[in-house]
1. If the viscosity is 1.002 mPa s and the temperature 20 °C, what translational diffusion coefficient in µm²/s does Stokes-Einstein give for the stretch 96-178 when Rh comes from Kirkwood over Cα pairs?
2. DSSP loop (so not H, G, I, E, B), at most 12 other Cβ within 10 Å: list which trypsin sites (Lys or Arg not before Pro) in the stretch 7-99 pass both filters.
3. Which shape class, rounded, prolate or oblate, goes with the stretch 3-285 when its Cα gyration tensor gives a ≥ b ≥ c as root eigenvalues, a/c under 1.5 marks rounded, and past that a/b bigger than b/c marks prolate?
4. When the Karplus curve 6.51 cos²θ - 1.76 cosθ + 1.60 is applied with θ = phi - 60°, which whole-Hz ³J(HN,Hα) does each residue of the stretch 34-41 get, with x for Gly and Pro?
5. Using 0.36 nm per residue of separation minus the Cα-Cα distance, give me the extension gain between Glu167 and Ser137 in nm, one decimal.
6. In the stretch 126-164, what GluC sites (Glu not before Pro) fall in a loop by DSSP, with at most 13 other Cβ atoms inside 10 Å?
7. So what's the net charge close to Val216: Lys and Arg +1, Asp and Glu -1, counting the other residues with Cβ under 11 Å from its Cβ?
8. Projecting each Cα onto the charge dipole of the chain (Lys/Arg +1, Asp/Glu -1 at the beta carbon, about the Cα centre), which of Val291, Thr84, Ser225 comes out farthest on the positive side?
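Read-outs: derived from the displayed coordinates by stated rules, not from any lab. Bear in mind that the values here come from a model prediction, so they are computed numbers and not experimental data. Please note: Cβ atoms are built from the backbone with ideal geometry, for glycine as well, and neighbour counts cover all protein chains shown.
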Amino acid sequence: MKLTEIFKQKKLCLSFEVFPPKTDSVFDTVKTATEEIARLRPSFVSVTYGAGGGTSRYTLEIAKNINEKYGVPTLAHLTCISSTRETVRERIRAMQEAGIENVMALRGDLTPALESSDRSTWAYRHAVDLIADIKESGADFCIGGACYPEVHPESSNQAEDIRHLKEKVDAGCEFLTTQMFFDNNLLYNFLYKIREAGITVPIIPGVMPITNANQVKRAIALSGSFMPQRFKSLVDKFGSSPDAMKQAGIAYATDQIIDLYANGIQNVHVYSMNKPDVAEKIQANLSDILV
Ligand code: FAD
């Protein structure tokens, strides 16, 4: 099922994210975790694409398995920055053969090697080039893209970032999932600005439950997200007790999600990171809300 059909249903949606294994040896463990998440019957499951594309096969295998075995719609991520046009076309074909209907079209992060290489040799510079290529291929995918309530780290200002976001939507991107954020007001301000810029596609806020103290540094390094004092206090108080930190992190994410729904957001995506127990607890906390 295409995600745009789900978004049209006008009911509250909750989706989860899983990531593929890096090696064959952990494939079965990861597959089991993704199946446990699928058994929760979320609105959809997104499956990330390993940086550089090394795990592209696993992204497809996991997305196909969840869809076929559990009937849960899947969103397969695809990056382009280090790929040739032939490789991307080959991956588009493989997705079609696997019955994938939804693709998250991403640029991917710049590695130091890429940054020092000659940009004129790159087949793709930005996600918009991938979106245009998917459209040109004739593949009938529902295409999503990424957006950044706190501005993409490479953008010099938000107006420029939003201008490029509009180009992605104009090229065929039908919904946008946000980078994680820990202060909902940042999301509301962002929404106001993008709607004013004429971006009207569904926006799916991405919420990351922080369930251990080590994750905090990683999450900030990855996303550059602002950490509100309320969140920092929670980590200070509970960070050294794994069980307490997990419970507090799940409660914080739940609180963020309820506030988003209460303020008119229809679809929320949880960066559940192959943790079925975390996904299950968040879903249980919302059981009477997600009716
Ligand atoms: P783009 O949309 O290309 O934007 C990147 C930067 O370029 C921005 O600063 C933008 O303003 C600027 N820009 C865009 N178009 C132009 C233009 N025409 N001219 C000049 N500047 C322009 N990474 C993975 O490797 N695998 C994943 O599965 C994955 N999933 C993700 C899911 C979500 C929801 C998010 C938010 C990120 C994900 N990422 C993933 C990380 C993503 O690849 C990086 O954030 C990457 O740096 C940017 O990707 P993008 O698609 O947003 O790029």
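1. For the chosen part, D equals 154 µm²/s.
2. Answer by residue number: Lys10, Lys11.
3. It is rounded, given that a/c, with a ≥ b ≥ c, falls under 1.5.
4. Calculated HN-Hα couplings, in order: 5, 5, 5, 5, 5, 5, 6, 6 Hz.
5. Length difference between fully extended and current span is 8.9 nm.
6. Passing both the DSSP loop test and the Cβ count: Glu154.
7. With Lys, Arg at +1 and Asp, Glu at -1, the neighbours total +2.
8. Positive-end residue among those listed: Val291.
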